[in-house]
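Novice: Quick one: this structure, given as structure tokens, is what I'll be asking you about.
The values are calculated or read from the model by the stated rules, or taken from the named source; none is laboratory data. Treat the numbers as computed from the prediction; the structure is a model and nothing was measured. Reconstructed Cβ throughout: ideal geometry from the backbone, glycine too, with neighbour counts over all protein chains shown. Side chains are part of the model used for accessible areas, which takes the heavy atoms of the whole protein and leaves out ligands, DNA and RNA. Shrake-Rupley method; radii C 1.70, N 1.55, O 1.52, S 1.80 Å.
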Amino acid sequence: MSDVMSVRLWLGGVRVLGVAVDTVDRLEVEVESSREWSRCPYCGFRCRRVWDRRVKRVRDLGVSGRRTTLVWRRRRFVCGNCGERHLEEHDQFQGSLTRRLSRRLVEDARAMSIRAVARRHGVGWHRIMALVRAHSARVAKRRRVRPCRVLLVDETSIRRRHRYVTVVACGDTKQVLAMIPGRTKGSLSRFFREQGPDWCQGVEIVVTDGSRSYQAAISQYLPDARHVLDRFHVVRWFTEGLTLVRRELQRRDPDQTPPAFEPDLFRARFTLLRREDHLTDAHRKHLETLFEAYPRLKTAWDALQELYSIYEADDLQGANQALARFADLYDSGQIPEYHDVVDTIISWGEEILAYHSARRVTNGPIEGINNLLQVLRRVAHGFTNPDNYAARGILVR
């Protein structure tokens, strides 16, 4: 025939006997093991006597878009030592799937939904999910036995404003260690108990957001680690004071004609939050015009720059000097909107300033991981089972 060709199966230790079905959409190949003996699982004796053969159908990777099945002529041996009978095993076959197909299913599940993987390969959803969970458990176990000097902790939503999971990652390797249902002290404490005291003693730095629940768990299980409050969350707190001042100044008298706010102030809402060294000439000119019209806004903006200087300082001494300059501006009484910021700095002062004595680490890597987790959640059209979400989340890159 003019349209016939031969290709290798590329499965070590497997001998092809023949092609049983060869159609446009389906391919079935009869195979058997090339090894002539099998070790008895009861006594360990090498068995060569074949009692009978049984057929086992094993799914393999598709060939040219065709669903491919290997018809395994599986031998049953009888032991010459103990007389027991057993079916032979093969390292290329994993249940009713070949090992390489199992690996491909897990690899595809990193970027695709389980339903999409099932449609592509013609394998059941539950079987693929079981493979993903088993592989994820092995990956997590390998990661969690390694020592971790920098620990990153944050939360992400499985269902926004309703259900959350705590994400724990290693700051050294930038890999997810665990995803724990909930965002309470008990959630993080459970992870620390599973890791054990020896592992916990190896943690030198732990970075979290402003969660009192996480702080309580860290104080109990990581008393010797330096607790750092993530820079991103602190800066967001810093900007709230200036935002309140701007909103107060941009409001107009209700009796005036629309709009009910000052357009120039509203348009400058993002420019006002910039650091001074990030301003362009156009930004500076715009702000100078606003500051001439609103001196109180200038005072609030200067206070925010001093708060930024806490992180821009070269060392802890410089951070304390910036904090002192902010305190002088606050004591002037012109910016009472910063009252909540002052309370936050007082209550979290040690964790905020620890940024300078802890190698300036942040939660940046885990924020990137959370972004990938949210992409995964959208690809899957949402998760209802937190264990499945955790299994998929461990494998994100």
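Novice: Would you kindly work out the equivalent ellipsoid of the stretch 341-387 from its C-alpha gyration tensor and give its semi-axes, the square roots of five times the eigenvalues, largest first in whole Å?
Specialist: On the way: eigenvalues 225, 41, 15 Å².
The three semi-axes for the stretch 341-387 are 34, 14, 9 Å.
Novice: Pick out, from GLY196, THR98, ALA225, the residue whose Cα sits farthest towards the positive end of the charge dipole of the chain, with +1 on the Cβ of Lys and Arg and -1 on the Cβ of Asp and Glu.
Specialist: Of the listed residues, the answer is THR98.
Novice: Kindly rank 363-375, 327-339 from highest to lowest mean number of other beta carbons found within 10 Å of each residue.
Specialist: On the way: 363-375: 17.8, 327-339: 14.7.
In descending order of packing, they fall as 363-375, 327-339.
Novice: Hey, can you grab everything whose amide H is under 5 Å from the amide H of GLN94? Only 5+ residues off in sequence or another chain; H modelled, so Pro and N-termini drop out.
Specialist: The list, which skips near neighbours in sequence, is ARG99.
Novice: For the chain, what does the helix formula give at 222 nm: sum of -39500 (n - 2.57) over DSSP H segments with n ≥ 4, over the residue count, nearest 500 deg cm²/dmol?
Specialist: Numbers: 14 runs with 177 residues, N = 397.
After summing the helix terms and dividing by the residues of the chain, the value is -14000 deg cm²/dmol.
Novice: Another question, then. Rounded to the nearest 20 debye, what is the charge dipole size of the stretch 295-373 about its Cα centre when +1 sits on each Lys and Arg Cβ and -1 on each Asp and Glu Cβ? If you can, show how the numbers build up before the last one.
Specialist: Values: 5 positive and 13 negative charges, 39 e Å.
Here the stretch 295-373 has a charge dipole of around 180 debye.
Novice: Same structure again: Name the residue farthest towards the positive end of the dipole of the chain from the options PHE326, GLY241, TYR42, assuming +1 on Cβ of Lys and Arg, -1 on Cβ of Asp and Glu, about the Cα centre.
Specialist: Result: TYR42, furthest along the dipole toward the positive end.
Novice: Oh, and also: Among PRO336, TYR389, ILE310, whose Cα lies farthest out toward the positive end of the dipole of the stretch 269-397, if unit charges sit on the beta carbon of Lys, Arg (+1) and Asp, Glu (-1)?
Specialist: TYR389
Novice: Taking the Cα of ARG73, stepping 7 Å toward and past its beta carbon, and measuring to each backbone N in the stretch 17-34: which are under 19 Å?
Specialist: Label zone hits: 17-22, 28-34.
Novice: Next up: Charges only on Cβ, +1 for Lys and Arg, -1 for Asp and Glu: so what's the dipole of the stretch 172-245 about the Cα centre, in debye to the nearest 20?
Specialist: Working: 9 positive and 8 negative charges, 52 e Å.
Its charge dipole is roughly 240 debye.
Novice: Residues in the stretch 141-167, backbone N under 19 Å from the label point at HIS381 (7 Å along the Cα-to-beta-carbon vector): list them, ranges by number please.
Specialist: 158-160
Novice: Okay, next question. Which entry in (i) 22.6, 71; (ii) 22.3, 76; (iii) 31.3, 103 is this structure's computed Rg and Dmax of the Cα atoms in Å?
Specialist: Computing Rg and Dmax of the Cα atoms in Å and matching it to (i) 22.6, 71; (ii) 22.3, 76; (iii) 31.3, 103 gives (iii).
Novice: Averaged per residue, what accessible surface does the chain expose to a 1.4 Å probe, in Å²? Mind dumping the intermediate values first?
Specialist: On the way: 21930 Å² over 397 residues.
On a per-residue basis, 55 Å².
Novice: Rg to Rh for the stretch 269-397: what is it, with Cα atoms only and Rh by Kirkwood? Intermediate values should be presented prior to the final figure.
Specialist: Working: Rg = 20.1 Å, Rh = 17.9 Å.
The Rg/Rh ratio comes out at 1.12.
Novice: Please identify the DSSP H helices in the chain that span no less than 18 Å along the helix axis (Cα) and have a mean Kyte-Doolittle hydropathy of -1.0 or more. Intermediate results must be reported in sequence, preceding the final value.
Specialist: Details: long enough: 125-144 (28 Å, -0.66); 231-250 (29 Å, -0.24); 281-293 (19 Å, -0.92); 295-312 (26 Å, -0.53); 316-331 (22 Å, -0.14); 339-353 (19 Å, 0.38); 364-379 (23 Å, 0.21).
Sorted by number, the helices that extend far enough and score high enough are 125-144, 231-250, 281-293, 295-312, 316-331, 339-353, 364-379.
Novice: Now, a different point. Can you pull the one-decimal nm distance between simple spin-label points at CYS43 and ASP198, each 7 Å off the Cα toward Cβ?
Specialist: Result for the modelled spin labels: 4.1 nm.
Novice: Next question. Between GLN175 and residues 5 or more places away or on another chain, which pairs have amide H atoms under 5 Å apart, with H built 1.01 Å from N, and which residues are they?
Specialist: CYS170
Novice: Oh, and also: What's the carbon and sulfur percent of the stretch 81-218's accessible surface, probe 1.4 angstrom, rounded to a whole number?
Specialist: Numbers: 3110 of 6900 Å².
That fraction is 45 percent.
Novice: Let's see if you can work this out: charge +1 on each Lys and Arg Cβ, -1 on each Asp and Glu Cβ, no other charges. What is the dipole magnitude of the chain about its Cα centre, in debye to the nearest 20?
Specialist: The dipole magnitude comes to about 3740 debye.
Novice: Of the residues VAL207, VAL165, VAL16, which exhibits the maximal mean-square fluctuation in a Gaussian network model of the chain defined by a 10 Å Cα contact cut-off?
Specialist: The residue with the greatest mean-square fluctuation here is VAL16.
Novice: Kindly give the semi-axes, whole Å and largest first, of the ellipsoid equivalent to the stretch 203-249, taking each as the square root of 5 times a Cα gyration tensor eigenvalue. Before the final figure, lay out the partial values.
Specialist: Working: eigenvalues 191, 20, 6 Å².
Result for the stretch 203-249: semi-axes of 31, 10, 5 Å.
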